[in-house]
Structure formats: C-alpha cells, structure tokens
Amino acid sequence: MRRHKLHTSQDACDVLFRKDQEDNAEHIERDESTDEEDSGSEDEYESKEIDEPDDVVESEAEMEPVAEGEDCTFYDKEEESTDEVEPEEEDPAERKEHFQSKDKTLIWSTIPPSDGRRILRAERETSHGGPTAYARSRIDDIKSTFDLFLPKPIEDVVLNMTNKEGQRVYGNKWRKMDHMDLQAYVGMLILAGVYRSSKEATSSLWHAESGRAIFRATMTLKMFHKISRVIRFDDKDTRDNRSARDKLAPIRNVWDKWVSLLPLMYDPGADVTVDERLVPFRGRCPFKQYIPSKPGKYGIKIWAACDARSSYAWNMQVYTGKSAGALSEKHQGMRVVLDMTKGLQGKTITCDNFFTSHALGLQLLKRKLYMVGTVRANKPELPPALVSKTNRARFSSKFAFTETHALVSYRPKKQRNVLLMSTLHRDAAVSSRDDKRPKIIEDYNRNKGGVDNLDKVTSVYTCKRMTTRWPLVVFYNMLDVSAYNSFVLWSEINPAWNKGKNNRRRLFMEELGRQLVMPHIKRRKVNPRTSAAAKLVNEIQQFSSSSTSAAAAPCPPALPGPSTKRSRCKFCPRRTDVKTSKMCQKCNAHICKDHAITTCLACN
C-alpha cells in the first residue's frame, strides 16, 4: 500500500512564499522613505528580460496584447524552475529498509527478491493426488478396501501372539483363533463405533431386549471378552529385553508394518499438513502426555502428516519421549517434519509454530518442498521491528524477505500480533477484504486443519473400548484411521456411491462391519438364544446356501417376462434385460438368469 509523502510540493511552495515575504518586509523597512514618495505615483509593472533560445523567435505582431489590469509579471529561470520543477521526494513505502535478526545472523529486507535471485527453487506441484494404481487394482468392494490396511501379514502376527497368550491363560479350554474370528472381532468393534457405543458397557450391546441382534448373531459375549483379554501384538517372553531399548515394543512390529502401508495407497495433493494428535488414555503408559489444549488432555501423542484436502493419514509416528538418562532433544519440531515428509516432493507443508523455523524452511527447500506456518515471537531469526506491537494500526501488515523466506506480521486486533513464515510466497499480497488479511494467512487457514479434521472424524465413530492396556488403545486407533482411509479411497474411486447423502461415511462403516462379520455368522453351528438373533442367523445362512445352490444348478428354460423395461433381480443387485430375465409363477418377482427357476427361492 502506498503511503503519503512527508512533504508535498504544495508545502515546499508555501515555505518559499513565506521566505519571500520576509525578504520583502526587510526591503520595505530600509526603503520606507522611497516608498512614501512613490506612493501616489501610478503603478508600473517592470518586466524582466528573458533570454530566449535561438530557435524560438517571435515577432511583435505575433505577440498578443496585454489587457489593462492583467498581471503580466515575469519570473527569471531560477525562480520558475524552483516553483514548477521540484525534485520528487522518495516514497517511504518504496524505500528499501533492512532489519537485522535477533541473533544477528540474518538480514531481512522490505523489498521481495525477484525469482532470479532465489538461491533454492522448488517445483510447485498442483495435482490433487488420489488413490495410487496399486490401490485401484486391488479394490473390488468395501471389505477389500479395508483389507489393504489390515492385510494377512499383520493378521498373522496378531493371531500368532493372541493364540499363544490364550493358550497360556486358558490352557486347553482355548479354541485357536483364525482369520475369520479376528475379522469378526474387528467387525463388531467397527459396528459398535457406528452406533456410537464406545463408552457404553459391552454387556448392553448383547442385551436381549435393548441390544442389537447383530452382536448376538456373530459371537457370544463371553467369547468377545476372551479375545479382548488375550489379544496381543508381540511375544511376551522377549518383551522385557526389547522394552529396555524401545518403549513401543509391545506393538512396534504391527505398528511399523501398518505405517509402511499408508503411503502406498494414496498420493497426497499439493498441500500436506503436519501436526500432533492425542489419543485419549488415562491408564499407565511410560510415554503418556498431558496437553491441556486437547479435549482428552491426557493420552498418547502421535505425529501425523495428512493430506490437507481429504485428511488422509499419509504418515504417522508415536512420540515415546526421551530415553532414560538421555538429554532433551533439540530441534524436535524440525526433526519431526523431516521424518513425516520423507519421500514427498513438490508439496507445500503447513505446520504450526511448534515446527516452523528458518532452518526448517531451508531443509525443506533442499527436498523441493515449501513451508507455510505460524512462528513464535521468541525465535532468534526474527527481526525485532516485526515482533514489536507499538505504533501499529489495526489490520496493518509488515513484510520482510530474504532470498528464500517471507515473513509477515499482521495485527488483527489491539495488542495481538500474528507472525507467519513462508518459503512459498514471494510478494506482499493482501486480500481485498475489510480486514486486509495477507495472502499467507489465507493459505495457512485453508490448509491447517488436515490433522485436526482427522481427529474429529475418527472420534465420532471410534471403535475404542474401555481398557487399561495402552497397546490395545493404539490398536483401536489403527482401526479408526484404517477405516477412515478406506472411506477416502472408496469415495474417490467410486464418486457416484451414495452421492448426495450426508451420512456416506456412516453407511460405509456400517457396510464394512457387516461384511467383516458375515463369514463368521454363516459358519455358526449353534443359534443364539434370543429370537431376533436366531432369526438373523437363519436368514443369512439360508440365503448363503440357496445362493450357492442356485448358482451351481443348471438353468431351466427361460420364461417370458411381462414387460419390456429393465428390471432388478430379487436376489442380486444386477440389472437385467427382460429377454434374459424370468418371472416367479407365484409372486411374479423378477429373477436374473443366474437365479432362473420356475418359482423363486422365497416361494419354495
């Protein structure tokens, strides 16, 4: 914004005019007698001769006559040039100023450097990202999407350790678990989260009257409690030796396998958010943290890197604190961001004031990454002129630049100063809004909520149950993040799925839970006691057996249909033409060619 000059040309003319008046007053005092003699005489105007250039010649005939009483006083060249051609004073807004940082290692300038002066340059990637080709080739239905994050190698580790612990606790009474049992257990956890029953007593979910039939139809409450008690993720016999070196040893193997799968399924867009998460937990844990600004206040802190647009969890890391007897970690924020963004290029990293620093921006530029984030006022690389709050108008902004960084100090209200640092922005752009918000702040506000939104969506339909074992809390959080990442993949691959509905994620998780528990219900040999659960088991098993027999049986001759429009089969969602469809002789239901019989299965 262009500011007013210190002295305008009109002010300079006024000063010269006052000076001439003072000089005239002195001459009047000296020649007072002469003036009195000539007071009665007629006023005569004396014109001074002006040397004209040789190439400009005017004749007397060409000169216009001067009217009587007209002021025809002339001035010499020096006076004319002084009044008309005054040297313009330098504009303070365009004046280049330099600020020195607190540690006297950096020089900040008010003029942004041109692109040619940049030392390091990164290529800005503007693609929106999305599921990788690896994920697209392996997704057939909702369950297969979830299986990408909980594959067979991870299930094998959990099953082996759980069966070993179950044999140790229950002895010969323990029935060995298989993949179908583990998937049914995970499915019931997800369904409990869909019904928002994370803080509800587990026994109420199996209640005969107020509970839901799907839980009783899957497995007994006693079996669910047994699995929850003995589920393990490592070998308990060797845990002590590993825990001395690694605080995350009880679940380290499963955690590392799971985290390594996150970047393989999704390419983040142009903006990535790095922030901290807090998984609520108040039990015993060697690295439990207290963060009063979080809703849970106590819990397990996890560093996360998410896509700013979809909140897909691209990378995660559990903070286990410093080792026993070790010194406090220096430059922890820079180390975390570099670890979380390993493997990325052409992205913009948005982070808060815990991470942002001048050194972090240089390191990210070496990796062809940009940085935008708030910065703390006590950072030594900041100039005191931008940190100061005195003599600042509301909605005012101050900018400072180096060859690689841009710094802005914005004052949204009285006695409040917001500082942001960026390696992406190279100018002092300000929005046209009433608050004159800088462009850096608008970009930061748009991308800062990637991790916070992940916390929000996973807490709404969380599958967490009440427990005093922190490894199980970490496992529950893995299931929550996996379910949400699966929803992101499924929604971007199938954008028309339940399009326009506001509860798409709830429908996705409900269908995911049903597909996980369905195989276990189909093979159940003893029906539950309640009539509703027993009816559900019979319907699922009968439908499964009839579908299998109908698919294997030879198709009878086709029966003509009553209409020529396309219709839907009663037993499958396939839409089929009337030429290849049949009609049940009893209920007149449409049947596709795979289920084509004289009477439909429901009428047999």
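The values are calculated or read from the model by the stated rules, or taken from the named source; none is laboratory data. Predicted model, so just to flag it, every value in this text is computed and none were measured. Neighbour counts run over all protein chains shown; Cβ positions are idealised from the backbone, glycine included. Ligands, DNA and RNA are excluded from the accessible area calculation, which covers all protein heavy atoms including side chains. Shrake-Rupley method; radii C 1.70, N 1.55, O 1.52, S 1.80 Å.
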Treating the beta-carbon of each Lys and Arg as +1 and of each Asp and Glu as -1, no other charges, what is the dipole magnitude of region 173-319 about its Cα centre, to the nearest 20 debye? 800 debye
What does region 376-415 give for Rg and for Dmax, in Å, if only its C-alpha atoms count? 10.6, 31
What shape does region 295-352 take by its C-alpha gyration tensor, where a ≥ b ≥ c are the square roots of the eigenvalues and a/c under 1.5 counts as rounded, a/b above b/c as prolate, and the rest as oblate? oblate
Given Cα positions, please report Rg to Rh for region 96-226, the hydrodynamic radius being the Kirkwood one. 1.34
With every protein chain left in place and a probe of 1.4 Å, what is the accessible surface of Trp497, to the nearest 10 Å²? 60 Å²
Once Lys and Arg get +1 and Asp and Glu get -1 on their Cβ, which of Gly346, Val336, Ser357 lies farthest toward the positive end of the dipole of region 332-425? Ser357
Taking region 337-380, which trypsin sites (Lys or Arg not before Pro) meet the DSSP loop condition and have no more than 14 other C-beta atoms within 10 Å? Lys342, Arg376
Scan region 358-402 for chymotrypsin sites (Phe, Trp or Tyr not before Pro) in coil per DSSP, keeping those whose Cβ has at most 15 other Cβ atoms within 10 Å, and list them by number. Phe395
Put Arg437, Arg229, Arg136 in order of accessible area, largest first, 1.4 Å probe: what do you get? Arg229, Arg136, Arg437
Trypsin sites (Lys or Arg not before Pro) within region 181-220, DSSP loop, no more than 12 other Cβ atoms inside 10 Å: Arg196, Lys199
Region 319-378 accessible area per residue, 1.4 Å probe, protein heavy atoms, integer Å², reads 46 Å²
Over the Cα atoms of region 283-430 the radius of gyration and the largest Cα-Cα distance (Dmax), both in Å, equal 17.4, 51
Taking Met466, Met334 and ranking on accessible area (1.4 Å, protein atoms only), highest first, one gets Met466, Met334
With label points set 7 Å from each Cα along the Cα-to-Cβ direction at Arg523 and Gln100, the distance between them in nm comes to 7.6 nm
For region 197-315, accessible area per residue (1.4 Å probe, heavy atoms of protein chains only), Å²: 45 Å²
Measure of exposure for Trp303: accessible area at 1.4 Å probe, Å² rounded to 10, is 0 Å²
Rounded Å value of the spacing that divides the Cα centres of region 410-445 and region 450-479: 35 Å
Cα-centre dipole for region 465-534 with unit charges at Cβ (Lys and Arg positive, Asp and Glu negative), debye to 20: 400 debye
